[in-house]
Amino acid sequence: MDYILEVKDLTKKFESFKLDKVSFKLEPGYIMGFIGPNGAGKSTTIKLIMNLLKKDGGEVKVFGKDHIQFEKEIKNRIGFVYDESYFYEDLTIGQMKSIVASFYKGWDDTLFNKYLKDFDLNPKMKIKKLSKGMKMKFSLALALSHNADLIIMDEPTSGLDPVFRREILDILYNVIQDENKSIFFSTHITTDLEKIADYITFINKGKIVFSKPKDDILENYSVVKGGTNLLDADTRKEFIGIRETGVGFEGLVENGQKIKELFGSQVLIEKASLEDIMVYTVRG
Amino acid sequence: MLGLIKRDLNLMFSNKQNIFFLVLYVPFFLFMIDTKSMPHLYLVILVTYTHMLTIIPFSYDITYKTHLMFQSLPIKRRDIVIYKYLSIFIYFIFAVVYVGVYMWIINLIGFKNVDYFNVSMIKIALPLVMVSLSITIPAYFRLSPKIAQIFNIFIYILLFNILSININSIVNVGTGPILSIFKGINPIFIALGVFVLSIILSIKLYETKDLA
């Protein structure tokens, strides 16, 4: 199998944080959501893939090639969108585009102008005058205008209102209609991923919790609700995380069937959302 | 490299502070400093312009963290370093032309009688900026931006003092106590040596740096 992105045992140590043997794979034509709480290691992983940070160990292959040895060739085929605007704010959209375009072999001005029109962006506008949402759209226009095969996005929807977020998700959905393109999308807004992602990779405290197809995850994980009288040392072990209140408990389990056999009709079992999975896993 | 040149030129002419610097620096020197007390004013202006214009693009990375965006484009870190050093010559030529035209106009108007083109001063200015920037640039490629900026200010003040106080050591290599060891060696060869070592050092430093 040829993977578009392959990360194996990626390790990076900081004074107070360690990215510990992170591994996952992304096939062409799919969207992978990269979820985790703030400080879990999402941005660090992306910076390592983009060779902005130097890895201490492990391997990163993009389009089957080493990301450092073939850095220039690989980056020609990657479109990137970061959580903040790292543009020269004194320049206009047109000037910034002209700088960025000169680095890419496959830059398509017609496509860029189409995106500007779709996103309602004026090329004569200075970047510092753009709102956060407009800057994000501009980033996206730049990332999509050189026929990139892999789009890497670090929290692109964070801080955006639901209307902007939905627009961006629709754009990504259209991009993915080309079966050769893939999107790697980090976020802590998990509802965005429930709409568009094919795979979910969950990272917590620098370690991968799981990397699986979204449908498998949503099918396997369940939220169980019941009375606290059902909880004892043995039954607690079945839960990934439990939240107890005055009226009962709610807990996340990976195998809902086992719980059904254990508690029968004394509990209510519901499908877990990605947010449930993230919250219960992080809190424990 | 075309993209990097395009970036620097776009930035130079789209920022008000840069335009103020370009326009006001020459008259500031001419009217604030007595040309008799500083006979090599042309040299000082030439060196300052080249030094500042080469360093200014780094300041954008400090303010907007643009290096993260830039380093995500298809360009190798090594190429960015090499361009930065080559840009010294681009800015030097720009400074010679710009300062020349500016000073020529000042002469023409009759404000002050100053050099506007002096080959012997140009021959001294080039190795000087090569050395001063060879010392400064590695700091920007490795240290945190603010510390690098402080280091740059320190180097520039040192350079300015040498130019204004101990200029004869520079003009006549070998007469000053420090530079006497280089007696008989063309300054451009000394500068070239420092320049090449600095490029190698900067490449090593930048290629292993974490960009955050």
Partner chain Cβ atoms within 10 Å, averaged over the residues of A:51-63 - can you pull that number for me?
2
For helix B:187-207, report the angle its Cα long axis makes with the longest principal axis of the Cα atoms of chain B; keep it between 0 and 90° and round to the nearest 10°.
20
Taking the reciprocal of mean 1/r across every pair of different Cα atoms in the range B:82-171, the Kirkwood radius in Å is 14.8
Just tell me how shielded B:73-81 is by partners: mean number of partner chain Cβ atoms within 10 Å of each residue's Cβ, no decimals.
4
For the range A:155-254, taking Cα atoms only, what is the radius of gyration to one decimal and the Dmax to the nearest whole Å?
17.5, 53
Against the longest alpha carbon principal axis of chain B, how many degrees, from 0 to 90 and to the nearest 10, is the axis of helix B:16-32 turned?
20
Binned at 5 Å from 0, what are the whole-percent values of the Cα-Cα distance distribution for the range B:76-116, short to long?
6, 23, 16, 13, 11, 10, 8, 7, 4, 2
Using only protein heavy atoms and a 1.4 Å probe, report how much of residue A:104 is accessible, in Å² to the nearest 10.
20
Please state, rounded to one decimal and in Å, the Kirkwood hydrodynamic radius that the protein assembly as shown gives when every pair of distinct Cα atoms enters the mean of 1/r.
26.2
Over chain A, calculate the relative contact order: mean separation of alpha carbon pairs under 8 Å at least 6 apart, over the residue count, as a percent.
22
Percent of Cα-Cα distances greater than 27 Å, calculated over chain A
46
Counting only helical runs of four or more DSSP H residues, what would the 222 nm mean residue ellipticity of chain B come to if each run contributes -39,500 (n - 2.57) and the total is spread over all its residues?
-26000 deg cm²/dmol
Quick one: with all protein chains in place, what share of the accessible area of chain A is carbon or sulfur, to the nearest percent (1.4 Å probe)?
45
Ranked order, A:176, A:152 - accessible area, probe 1.4 Å, largest first
A:176, A:152
Sort largest first and round to whole Å: the equivalent ellipsoid semi-axes of the range B:37-97, each the square root of five times a Cα gyration tensor eigenvalue.
29, 13, 7
Under 13 Å from the Cβ of residue A:119, count the other residues' Cβ atoms, weight Lys and Arg +1, Asp and Glu -1, and hand me the total.
+1
What total accessible area, in Å², is buried where chains A and B meet, using a 1.4 Å probe and rounding to the nearest 100?
2800
Report the convex hull volume per residue for chain B, counting only C-alpha atoms, in Å³.
125
Could you work out the longest stretch of chain A that avoids the trypsin sites (Lys or Arg not before Pro) located in DSSP loops with at most 12 other Cβ atoms within 10 Å?
A:125-236
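The values are calculated or read from the model by the stated rules, or taken from the named source; none is laboratory data. Please read these numbers as outputs of a predicted model, since none were measured by experiment. Glycine also receives a Cβ, built like all others from the backbone with ideal geometry; neighbour counts cover every protein chain displayed. Only protein heavy atoms, including side chains, enter the accessible area calculation; ligands, DNA and RNA are left aside. Shrake-Rupley method; radii C 1.70, N 1.55, O 1.52, S 1.80 Å.
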